[in-house]
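**Student:** First, the structure itself, so that you have it in front of you.
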Amino acid sequence: MESEDDMIDDSVSMEDDFYSGDLSCCYDDDPNDNDNDYYFDDDNDYGLLEDDDDDDQDAIVSRRPQLSYTVLKEADIKQRQEDDISKVSTVLSISRVDATILLRYYNWSVSKVHDEWFADEGRVRQSVGLLERPTVQASNAKELTCGICFESFLRDNITSVACGHPFCLSCWRGYISTTIYDGPGCLSLRCPDPSCNAAVGKDMIDKLATSEEKEKYSRYLLRSYVEDNRKTKWCPAPGCEYAVDFTVGSGNFDVSCNCAFSFCWNCTEEAHRPVDCETVAKWILKNSAESENMNWILANSKPCPKCKRPIEKNQGCMHMTCTPPCKFEFCWLCLGAWAEHGERTGGFYACNRYEAAKQEGVYDEAERRREMAKNSLEKYTHYYERWASNQLSRQKALADLHQMQTVHLEKLSDLQCTPESQLKFITEAWLQIVECRRVLKWTYAYGYYLPEHEHAKRQFFEYLQGEAESGLERLHQCAEKELNKFVTGDGPSKEFDDFRAKLAGLTSVTKNYFENLVRALENGLADVDSQAAAACSKTTSSKNTGGTSKTRGGRGKGSSKSGGSGRNVDDTSN
């Protein structure tokens, strides 16, 4: 039996795998092996494999791929920064202060510093501001004149950087304080003399700045190590202070921070595998833009013939009256003045003028534009509502998972007389639900931008999406409702073992469905093209041999467009 510490470690590892979008490391079935696909049969065994084989579990762990990223705490960032400074300082035989200035200039790339330095040291020194000798010869006078305030001071009250330009301590403090409070630009501080390019290092900051200013400078320096380095980024979650060091070229950009927030390292939006960053950017922009508002107005309203204010007709007859101060009365169909209408034009619910003009094609362009806007709005509403619905479901699942881990597992363990280490299948089910809700949400953004003319791809996509969604709904219902009767029970239940088998089986089935969906979308639904080519080849071969061929197709669960949005603009109907 596993210890409680082992259970916690495994749970954390499982959670990392799910949130990173790489669910293949959590189970033992090969995603490329179609022979191992799960299915529901009449015996309701749910395709469940025996889960008590320790050798199989060891094999699963051994085949887990290494993560392509490392989550860094503040201490880790500082240590890496110090290590890089030490490397440059040792190899180039320069001070740590100068090494820091060099690394800052070359965006903390140790290899870049080495390459540039050994290629042309003089040019690098000139560009960065690391002077080998002073540009101003030192004077032996007891008093020196400050180059800012032009007052004379004893030599002890005058200081300078490598260039030798003399400035008093008071002016230096004011100069340093101002630049630090101006922001991160203080990390590229140069000599106050306008004609001088000499760099001001951290040693001068430590010598003259206040403790508060030193702290600010240190924070800027630490943040620059992450923000200027192309291999590291801050976690975008509000209030999170972790950074992520990513191995570029690993393929999958989804990472999971220690704060439990999953995001795409490439675009820093929330994790969106299997949808690419370009599609996500377009979808987010569309959700925040005003284009759909204009589509709604165009599809559901008409402009007043007099003041051009958009008016919606939501009920009643064709006699419309614009709102004050306009108060123009007109016919909704032909937009003519109502004074010219009456019984002879069709009464309050028809317009003979409109019907005659329509037959002549007068309103064809306007109707076409209105119909296009309506179709576009219906399509967007269809996909957005389902995208948002799965987002809310995922947030609810996260809350339920937290409650399960903190409250219900312990209670369930006591009621069923089962160690918590043997209830991991419940946590795994909820982690699967959370991950699948995320994937399903972004498939609706993918579907919105899938070209309408690619009918085969759209049918294949909707089939895979429908199968995955139906499997997820079964799993979610089982984990949410069927589990509740055991949590609220009075004692051990004989049905709990059957429930364990069912929930674990549904978890495996759902995982398999979503692996197929993710794999297909990441391949651009290329299977459709290959199958079409194979079918074409088979048909040609059959014709050449004079034989006949039969094909068998399956039916999938597609998604139909439905729903609309309702919003009132100025409207009055009499």
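**Student:** From the list 459, 477, which residue is open to solvent by 20 Å² or more (accessible area, probe 1.4 Å), among the polar types (S, T, N, Q) and within 15 Å of residue 525 (Cα to Cα)?
**Tutor:** 459
**Student:** Pairs please, first residue from region 448-469 and closer than 23 Å to residue 394 by Cα, second anywhere and charged (D, E, K, R) and assigned to a loop (DSSP other than H, G, I, E, B), Cβ atoms under 6 Å, 6+ apart in sequence or on different chains.
**Tutor:** Going by the 6 Å Cβ cut-off, the qualifying pairs are 466/557.
**Student:** Would region 467-477 turn up any residue that is at negative phi, at pLDDT 90 or above and not in a helix (DSSP H, G or I)?
**Tutor:** No, because not a single residue in region 467-477 is at negative phi, at pLDDT 90 or above and not in a helix (DSSP H, G or I).
**Student:** So, in region 236-289, of the ones that are of a type in the set (Ser, Thr, Tyr), open to solvent by 60 Å² or more (accessible area, probe 1.4 Å) and part of a loop (DSSP other than H, G, I, E, B), which residue ends up modelled with the lowest pLDDT?
**Tutor:** Result: 247.
**Student:** Going through region 478-532 one residue at a time, which ones are within 27 Å of residue 411 (Cα to Cα) and assigned to a loop (DSSP other than H, G, I, E, B)?
**Tutor:** Scanning region 478-532 gives 483, 488, 489, 490, 491, 492, 493, 494, 495.
**Student:** If you scan region 480-489, which residues turn out to be surrounded by fewer than 18 Cβ atoms within 10 Å (Cβ to Cβ) and in contact (Cβ under 8 Å) with a residue 12 or more places away in the chain?
**Tutor:** Once the filter is applied, which keeps residues that are surrounded by fewer than 18 Cβ atoms within 10 Å (Cβ to Cβ) and in contact (Cβ under 8 Å) with a residue 12 or more places away in the chain, region 480-489 yields 480, 482, 487, 489.
**Student:** Okay, next question. What residue, among those in region 170-223 that are in contact with a Phe, Trp or Tyr (Cβ under 7 Å, 6 or more places away or on another chain) and among the hydrophobic types (A, V, I, L, M, F, W, C), is nearest to residue 124 (Cα to Cα)?
**Tutor:** So the residue we want is 187.
**Student:** Here's something else I'd like to know. Cβ-Cβ under 8 Å, sequence separation 6+ or interchain: first residue in region 89-103 and touching a residue at least 60 places away in the same chain (Cβ under 8 Å), partner of a type in the set (A, V, I, L, M) and assigned to a helix (DSSP H, G or I). Which pairs?
**Tutor:** Close Cβ pairs (under 8 Å, with a partner that is of a type in the set (A, V, I, L, M) and assigned to a helix (DSSP H, G or I)) amount to 100/85; 100/221; 101/128.
**Student:** Consider region 108-122. How many of its residues are of a type in the set (Phe, Trp, Tyr) and either free of Cβ contacts under 8 Å to residues at least 40 places away in the same chain or touching a Lys or Arg at 6+ places or on another chain (Cβ under 8 Å) (or both)?
**Tutor:** 2
**Student:** Anything in region 100-125 that is polar (S, T, N, Q) and closer than 20 Å to residue 204 by Cβ? List them, or say none.
**Tutor:** 100
**Student:** Where residues in region 116-150 are open to solvent by 100 Å² or more (accessible area, probe 1.4 Å) and at pLDDT 90 or above, which of them is nearest to residue 187 (Cα to Cα)?
**Tutor:** 126
**Student:** Also, I was wondering about something else. Give just the number: which of (1) of a type in the set (A, V, I, L, M, F, W, C); (2) at pLDDT below 70; (3) open to solvent by less than 50 Å² (accessible area, probe 1.4 Å) does residue 362 not satisfy?
**Tutor:** (3)
**Student:** Also, I was wondering about something else. Cβ contacts < 8 Å: first residue over 20 Å from residue 477 (Cα atoms) and open to solvent by less than 40 Å² (accessible area, probe 1.4 Å), restricted to region 411-429; second residue charged (D, E, K, R) and outside any helix (DSSP H, G or I), any location; separation 6+ or different chain. Result?
**Tutor:** 415/490; 421/2
**Student:** Return the residues of region 209-230 that are aliphatic (A, V, I, L, M) and not in a helix (DSSP H, G or I); say none if nothing qualifies.
**Tutor:** Correct list: 209 only.
**Student:** What residue, of 160, 177, 89, is polar (S, T, N, Q), touching a Pro at 6+ places or on another chain (Cβ under 9 Å) and open to solvent by less than 70 Å² (accessible area, probe 1.4 Å)?
**Tutor:** Answer to the check: 160.
**Student:** Among (1) outside any helix (DSSP H, G or I); (2) crowded, with 21+ Cβ neighbours inside 10 Å, where does residue 438 come up short?
**Tutor:** (1)
**Student:** Sticking with this one: Within region 188-208, count every residue that is open to solvent by less than 20 Å² (accessible area, probe 1.4 Å), within 20 Å of residue 82 (Cβ to Cβ) and outside any strand (DSSP E or B).
**Tutor:** Number satisfying all stated conditions: 3.
**Student:** Of the conditions (1) over 25 Å from residue 262 (Cα atoms); (2) surrounded by 15 or more Cβ atoms within 10 Å (Cβ to Cβ), residue 401 satisfies every one except a single condition; which number is it?
**Tutor:** Here residue 401 meets the rest and fails (1).
**Student:** Hey, can you tell me all the residues within region 209-230 that are buried (at least 18 other Cβ atoms within 10 Å of the Cβ) and under 29 Å from residue 150 (Cβ atoms)?
**Tutor:** 209, 213, 217 - these are the residues of region 209-230 that are buried (at least 18 other Cβ atoms within 10 Å of the Cβ) and under 29 Å from residue 150 (Cβ atoms).
The values are calculated or read from the model by the stated rules, or taken from the named source; none is laboratory data. The structure presented is a predicted model; accordingly, all values stated were derived computationally and were not measured. Backbone-built Cβ (ideal geometry, glycine too); neighbour counts: all protein chains shown. Side chains are part of the model used for accessible areas, which takes the heavy atoms of the whole protein and leaves out ligands, DNA and RNA. Shrake-Rupley method; radii C 1.70, N 1.55, O 1.52, S 1.80 Å.
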